Amino acid sequence: QVQLVESGGGLVQPGGSLRLSCVASGSIFSINDMGWYRQAPGKQREKVATIMRGGTPSYADSVKGRFAISRDNAKNTVYLQMNSLKPEDTAVYYCNADIRKTVLPAVHNYWGQGTQVTVSS
């Protein structure tokens, strides 16, 4: 089995920073794209940022210049550094990864359980 476990969420004031981490564990041969998504109450889940295995990032327009995604392939970990946080960033943040479990090319998509980020004064 494969598990994605997020950490680092919490309550922060507007303008503050948080760093999220997500560790993938279990039967893993390699990990392709990893990313962060978020879902606010009453809204659909949306992409925040993704990163390819080689390190190429992609960001939603709403977070460009404020958030930075990175990964450590040796640790099967993806990070999201969130700066200049705004109340509208409040949401449950989910980790996502495309994982190969064996040498075969089949890729499986996995989600973490989510971590709450609340931006409020």
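Only one of the numbered conditions (1) among the aromatic types (Phe, Trp, Tyr); (2) open to solvent by 60 Å² or more (accessible area, probe 1.4 Å); (3) within 13 Å of Gly112 (Cβ to Cβ) is violated by Phe29, and that is (3).
Residues of the range 47-57 that are outside any strand (DSSP E or B) and small (Gly, Ala, Ser): Gly54, Gly55.
If you check Val5 against the conditions, is it open to solvent by 50 Å² or more (accessible area, probe 1.4 Å) and among the hydrophobic types (A, V, I, L, M, F, W, C)? Taking the combined requirement at face value, the residue satisfies it. For Ile51, indicate whether it is in contact with a strand residue (DSSP E or B) (Cβ under 8 Å, 6 or more places away or on another chain), free of Cβ contacts under 8 Å to residues at least 40 places away in the same chain and among the hydrophobic types (A, V, I, L, M, F, W, C). Yes: the conditions hold for Ile51.
The strands (runs of 3 or more DSSP E) located wholly in the range 58-121 include none with 1 or more residues which are open to solvent by 50 Å² or more (accessible area, probe 1.4 Å), of a type in the set (Gly, Ala, Ser) and in contact (Cβ under 8 Å) with a residue 40 or more places away in the chain.
With respect to the conditions (1) closer than 20 Å to Trp111 by Cβ; (2) modelled with pLDDT of 95 or more; (3) in contact with a strand residue (DSSP E or B) (Cβ under 7 Å, 6 or more places away or on another chain), Lys43 lacks only one, and its number is (3). When the strands (runs of 3 or more DSSP E) confined to the range 1-46 are screened for residues that are of a type in the set (D, E, K, R) and closer than 26 Å to Ser62 by Cβ, those reaching at least 2 such residues are found at 30-39. When Ile51 is tested against (1) open to solvent by less than 50 Å² (accessible area, probe 1.4 Å); (2) modelled with pLDDT under 95, exactly one condition is not met: (2).
The values are calculated or read from the model by the stated rules, or taken from the named source; none is laboratory data. Note that the structure is predicted; figures quoted are calculated from it, not measured. Every residue, glycine among them, receives a Cβ derived from its backbone with ideal geometry; neighbour counts consider all protein chains shown. With ligands, DNA and RNA removed, areas are computed over all heavy atoms of the protein, side chains included. Shrake-Rupley method; radii C 1.70, N 1.55, O 1.52, S 1.80 Å.
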